[in-house]
Each structure stands twice: as structure tokens, then as C-alpha cells.
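Reading through the C-alpha cells given below for one structure.
The numbers here are math on the coordinates, done by the rules we state, and not lab data. Predicted, not measured: the structure shown is a model, and the values here were computed from it. Positions of Cβ are backbone-derived with ideal geometry, glycine not excepted, and every protein chain shown enters the neighbour counts.
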Amino acid sequence: MVAPQLKNFEGILSTDVNSDIEWLKSITNLPILIKGVLTHEVARKAVEVGFSGIVVSNHGGRQLDYTPTTISVLEKVVDAVGGKVPVLLDGVRRGTDVFKALALGAQAVLVGRPVIYGLAANRECGVRRVIEMLKDEFELTMALCGCPGVMDITKSHVRTECDKLHSML
């Protein structure tokens, strides 16, 4: 995890992740998470340098249109971390996304755009409605999968790319 030397930021930004993390830890007691992790290698390195958690995110696919979907890399990131730090999934749009993320090992999810849309459409009431819709969809998905509680959600409830490949063979 070494940032490229950017000539237009020379002397302004540090590219030493270890010293940056140490500096952040020295000024706050809050956990420090890294967002934008899409590979197991970066996940392992993030744990090594002292991040408190990982957010699997492709920033909505807006930065690079060819990045992998977050759900497709989540399981490998979770495995790489080995339970040492929490892994969160960014980019949730539906209750089924929440279910899949939990099934593949995420401890939590982040909801960004849908909440902003709700806020723009109907202020606080719009945000409440978005959260209610996510909750209702999540609970329906749990019921349809036979999961009475969150702890009952397992990887066996979802198919991964490897599972799809094996079924084609």
C-alpha cells in the first residue's frame, strides 16, 4: 500500500502509510478504517499496518468503470483478514444486498446513495422510508431463506462465482 508519487502534490501528501496511520492513532482514540479495499492482498496489508477495520468499496464504480463489484470480492477480503478486524461492505441498495453481505462474512453494511435520494425526495421522512424499505426487504429475504435471526445467515444461503462455475461443469 504505497501511494504513487504525484508531482502536483509533492511535499504535501505523505506516501508512507505506516507513519500516516501512526500519526492518526496519535491524535484520536477512534477506530481507523480503510475504504476502497478490493483485494485480499490490500486487506492483509491493511491489517498489518494497523487499520481497525476494512470497508470493501469500489466507490460506486464511479472512479473506474471496470472495477469488480464489491460483493464479488467480499468473501476473499473476509478470508484474508481472518477475523482480525471487522469488514464492512459499501454500496448497499436493497435488503437482499444486506443479506448477501452478511452471508459472505461482512459484519455490517454502509448505505449511502439510497439515503441521499430519500433525503432529496422527502427530507427526514424520505430517509426513514428508505431505511424501512431496506429493513423490510432484509427481513423478507431472511424469512424466505428460513433464517429466524441474523446469526442464522450463512454462506450456504448464497451462491458465489465459484459455485456458479462448478455447477456449469
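Compactness of segment 32-100, taken as the C-alpha radius of gyration over 2.2 N^0.38 Å, stands at 1.05. Here the ratio of the Cα radius of gyration of segment 31-168 to 2.2 N^0.38 Å is 1.09. Modelled spin labels at Lys35 and Val150, positioned 7 Å past Cα toward Cβ, are 2.0 nm from each other. Amide H contacts for Val109 (H built 1.01 Å from N in the peptide plane; partners 5 or more residues away or on another chain; cut-off under 5 Å): Leu89.
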